[in-house]
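Only the coordinates and a few stated rules stand behind these numbers; no lab work does. Because the structure is a prediction, the values reported are computed rather than measured. Cβ: placed from backbone, ideal geometry, glycine included. Neighbour counts: every protein chain shown.
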């Protein structure tokens, strides 16, 4: 999988993407993460990527022509994969890049979207800044995503969130890929919150591990976990239960 992050601040990603699971995935060539500076596609000597909004208002707006040139450049550099025999692959073997605009007005990001993105061959994440994008930028992307109902200084942190959630789902990245099937919002928990987990010590300050988890009865444990998952979701995220019934 190849992920390209289009940003004004590539240096922000050096720490988060150089440690832990993402670092291991990059080292094993399970994912290739590249960064494109939006300023490389400015045309003036000041490397301007934004301008004042028509009609007046506060702040600056990222220009559509600069974004268009950046996306077009990335698309042009994506090469067709080679066939097993070493011959050029057919056009059908080349997957069109999927472009995601990170914007507070986008659709809420979910685990289901993370799973879908993890199957994309070429993913482009477009980070905004200032007061946002020229509205015409939306015609250049495939999807708009928001990571929550709050405002950040830019799209870099949302891009980190998406990359982290996607990379861990790529086959081979985690030692036990089955772990991703039984966590909150995943198929193993029916899209609900994950059930409570326990480890040693069995008793800590009067708090005991539930007996059913020590019983060795796998059917009873599975039933307990499902019941706990539903109960926890009802207490903390009743909206997920309503969504499930729809």
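What list do you get for 218, 52, 2, 129 if you sort them by fewest beta carbons within 10 Å?
On the way: 218 8, 52 12, 2 16, 129 19.
Ranked by crowding around the Cβ, least crowded first: 218, 52, 2, 129.
Just round it to a whole percent: the fraction of Cα-Cα distances in region 202-246 exceeding 14 Å. Working shown, then result.
Values: 610 of 990 pairs.
It works out to 62 percent of all Cα pairs.
So for the chain, averaging the separation of alpha carbon pairs under 8 Å that are six or more residues apart and normalising by length, what relative contact order in percent results? Present the calculation step by step, with values, prior to reporting the outcome.
Details: 344 pairs, mean separation 45.8, N = 246.
Relative contact order for the chain comes out at 19 percent.
How far is helix 156-167 tilted off the main Cα axis of the chain, in degrees rounded to 10, range 0 to 90?
Computed tilt is about 50 degrees.
Can you figure out the FRET efficiency of residue 143 with residue 174, using R₀ = 35 Å and their beta-carbon distance, to the nearest 0.05?
My answer for the efficiency is 0.90.
What FRET efficiency comes out for the pair residue 131/residue 231, r = Cβ-Cβ distance, R0 = 41 Å, nearest 0.05? Intermediate results must be reported in sequence, preceding the final value.
Working: r = 44 Å, r/R0 = 1.07.
Here the calculated transfer efficiency is 0.40.
If you take every DSSP beta bridge fully contained in the chain, what fraction is antiparallel? Give it as a percent rounded to 5. Walk me through the numbers on the way to the answer.
On the way: 6 of 28 bridges.
Restricted to the chain, the bridges split so that about 20 percent are antiparallel.
Would you compute, from DSSP H runs of 4+ residues alone, the mean residue ellipticity of the chain at 222 nm, taking -39500 (n - 2.57) per run and dividing by the full residue count, rounded to the nearest 500? Please list the in-between numbers first.
Numbers: 6 runs with 68 residues, N = 246.
Computed ellipticity for the chain at 222 nm equals -8500 deg cm²/dmol.
Over the Cα atoms of region 2-167, Rg to Rh with Kirkwood Rh, two decimal places? Intermediate values should be presented prior to the final figure.
Details: Rg = 16.6 Å, Rh = 16.9 Å.
With Rg and the Kirkwood Rh in hand, the quotient comes to 0.98.
Based on a Kirkwood Rh over C-alpha pairs, give the Stokes-Einstein translational diffusion coefficient of region 100-246 at 20 °C and viscosity 1.002 mPa s in µm²/s.
Roughly 119 µm²/s, to the nearest whole number.
For region 100-166, what are the per-bin percents of Cα-Cα distances with bins 10 Å wide, up to the bin holding the maximum?
21, 59, 20, 0
FRET efficiency for residue 52 and residue 96, Cβ-Cβ distance as r, R0 = 30 Å, nearest 0.05? The partial results should precede the final answer.
Values: r = 34 Å, r/R0 = 1.14.
E between residue 52 and residue 96, to the nearest 0.05, is 0.30.
Expected output is a single nm value to one decimal: the length gained when fully extending between residue 19 and residue 213, i.e. 0.36 nm times separation in residues minus the C-alpha distance. What is it?
Values: separation 194, 0.36 × 194 = 69.84 nm, distance 3.40 nm.
Going from the current span to full extension adds 66.4 nm.
What angle do you read, to the nearest 10 degrees and between 0 and 90, between the alpha-carbon axis of helix 218-236 and the longest principal axis of the chain?
For helix 218-236, the angle is close to 60 degrees.
To test your reading of the geometry: what angle, between 0 and 90 degrees and rounded to tens, separates the Cα axis of helix 64-77 from the longest principal axis of the chain?
70
How far, in nm, would the chain grow between residue 45 and residue 153 when pulled straight, counting 0.36 nm per residue and subtracting the alpha carbon separation? Write down the numbers at each step before the final one.
Numbers: separation 108, 0.36 × 108 = 38.88 nm, distance 2.52 nm.
Value of the extension gain: 36.4 nm.
In nm, to one decimal, how far is the residue 27 label point from the residue 204 one, both placed 7 Å along Cα→Cβ?
Placing both labels 7 Å beyond Cα along the Cβ direction yields 2.9 nm.
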